[in-house]
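Working notes for the structure below.
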Amino acid sequence: MLQKFTPGYKLNGRFEILKMQGKGSLGDTVYIGRHPDLEKEVIIRVLPPEMNSGTDTVQRFIQAVKLTAALKHQNILPAYDAGDENGILFFVSASETGLYLSDYIKMKARLDQDEAVKITMAIADALEYAWDEKKILHRNVCPSNILIAAGVHPMLADFGLAKSFEAGKDDLTVMGYTIGNPQYMSPEQARGERELSYHADMYCLGLVFYEMLAGVPAFQCKSHVEMMEAQMEKAPKPMTNYNSNVTPDCLLVINKMIEKDQKNRYGTWAELIKDLKALLAARPIAASAVKKLVVSKDPVSRTGGGKAYNAYGSRRVKESNLLSGIIITVAVVLSIIVAVVVFLKYFNK
């Protein structure tokens, strides 16, 4: 059925297909099209047939697009419309000149710290706005959903679309279709939890932050199952394996964003943004206060069970071990001195 979407075809008799652009983060096909009323180019994303499990799915999908179309923020790519073409779902959003972050990272190999911080801060601001204003979660924050428009202006696309398919998630799973991208999925999403908070989006943004600086995804696994297990249980490779120029404070911020237990992530978007601003200004960050709780000689989670994230590399663990060794050595030397003094006083008597 998708073969008919060739240049010149009009979805629902309205949105003209101009050319195919590629694949999207939901397994969708991305086209460049033309909006009949706005008379401008738009992005048209056509979802795979297996994502439509019935009338309820169509209604949820269209409602999600309408809800997110009300979001007005400089770092959110506007959504215009959605529809159903003979059982095939599609949605229409604004078209901007630029590269998606996934391609931008490939082009640059990896980003310098300040640029990565600025992009993270812009997307965090958009996610904070969506949550505070509409209680909307993105649920699929990943490099292929972040457009770097002209002037290195980040814009987040596809707000809330993954949620519209969750009610039919069991049926879709049976058919072998996974909602969202396991490579950028929070532990609570991987566990299949239905009630999510903004902490899920924060975790995913932390993975994106890591990737911008490392040049590679935080987790690289052979299957979706392995990837989801990694999100729930494993730590990414130390950042020092890929980039030794990232400051310890920046690594602490990433560490806090990608904590396995959402209670240990930043309490609010505002707290995260404050630390990101501090990084740009080279000021102390709040996350520094918990660094001794995050990393120990044998890295374990503060909540027990599972390794803690050590995004900033083994160097910090070694420094902690060295400090502990120095303290123990000093304590032993002081004990010996005290013992000698006491012995001499007793002997002189």
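Quick look at the numbers
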item	result
Stretch gain in nm, segment A281-M232, where the contour uses 0.36 nm per residue and the Cα spacing is subtracted	14.3 nm
Alpha-carbon centroids, segment 200-268 and segment 87-162: separation in whole Å	17
Fraction of the pair-distance distribution of segment 4-129 above 18 Å, Cα-Cα pairs, percent	59
For peptides 116-125, 27-36, sequence by mean Cβ density within 10 Å, most packed first	116-125, 27-36
23 Å Cα-Cα threshold exceeded, pairs from K234/K274; K134/K260; K135/K263; K118/K274; K66/K277; K118/K222	K234/K274; K134/K260; K66/K277; K118/K222
Label-point separation, N245 to A270 (7 Å along Cα→Cβ), nm	3.5
Listed peptides 268-281, 87-100, 243-256 by packing density, highest first (mean Cβ within 10 Å)	243-256, 87-100, 268-281
Hull volume in cubic angstrom per residue (convex hull over the Cα atoms of segment 210-293)	107
Net lengthening on full extension, L99/E39 (0.36 nm per residue, minus Cα-Cα)	19.3 nm
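The numbers here are math on the coordinates, done by the rules we state, and not lab data. Here the structure is a predicted model, which is why all the values come from computation and not from measurement. Note that each Cβ is placed from the backbone with ideal geometry, even for glycine, and that neighbours are counted across all protein chains shown.
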